[in-house]
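Read the structure below first, then the notes.
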Amino acid sequence: MNELNHQLPSYPAMLMPLIVRNLLEQYGKGKDTVLLDPYVGAGTTLVEAQLYGAKQAIGIDLNPLAVLISKSKTTKYDLEKLNKQIRHFRDNTNQINYHVDIQDNEFFNFSIRDFWFKEKKCN
Ligand SMILES: C[S@@+](CC[C@H](N)C(=O)[O-])C[C@H]1O[C@@H](n2cnc3c(N)ncnc32)[C@H](O)[C@@H]1O
């Protein structure tokens, strides 16, 4: 089951949403549910907890990319503001040349990065 934003972006070892959903239905406490996922990954459990109507869902991960993905999936966006920001970004970035050096950027360097993300070789 890959509905909603579960596969955006893809992340290694994601839980199947249906399993989380069934567990919440079986063990959740309705609107009083507070859920902690200490290995949040791409946030599958948090997204399902929101859909379930949990009071609170908290995620932790040592991978900053996982935290970023989970935040982006569980933040409630004001679509009007978001579209305005996208237009602003598009209007102001087409002339900028930028380069991110992944090797030297602390955001991309965390202890088990190479375990989760294999280097892609381009032909
Ligand atoms: C299998 S994924 C989690 C899947 C997630 N629970 C879901 O709902 O799809 C495992 C995650 O655990 C994180 N992780 C591994 N060791 C950790 C640790 N000691 N503390 C926090 N996060 C850790 C990894 O970075 C990875 O993102």
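The values are calculated or read from the model by the stated rules, or taken from the named source; none is laboratory data. Just so we're clear, the structure is a prediction, and the values are computed from it rather than from any experiment. Ideal geometry is used to build each Cβ from the backbone, glycine not excepted, and the neighbour counts take in all protein chains shown.
Structure values in brief
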item	result
The listed residue being touching a helix residue (DSSP H, G or I) at 6+ places or on another chain (Cβ under 9 Å) and not hydrophobic (A, V, I, L, M, F, W, C), out of Tyr52, Tyr77	Tyr52
Any hit, segment 106-120, residues being modelled with pLDDT of 90 or more, more than 10 Å from the ligand (Cβ to nearest atom) and not small (Gly, Ala, Ser)	no
Qualifying residue in segment 32-39 (condition: in contact (Cβ under 8 Å) with a residue 12 or more places away in the chain, of a type outside the set (Ser, Thr, Tyr) and closer than 18 Å to Ile112 by Cα)	yes
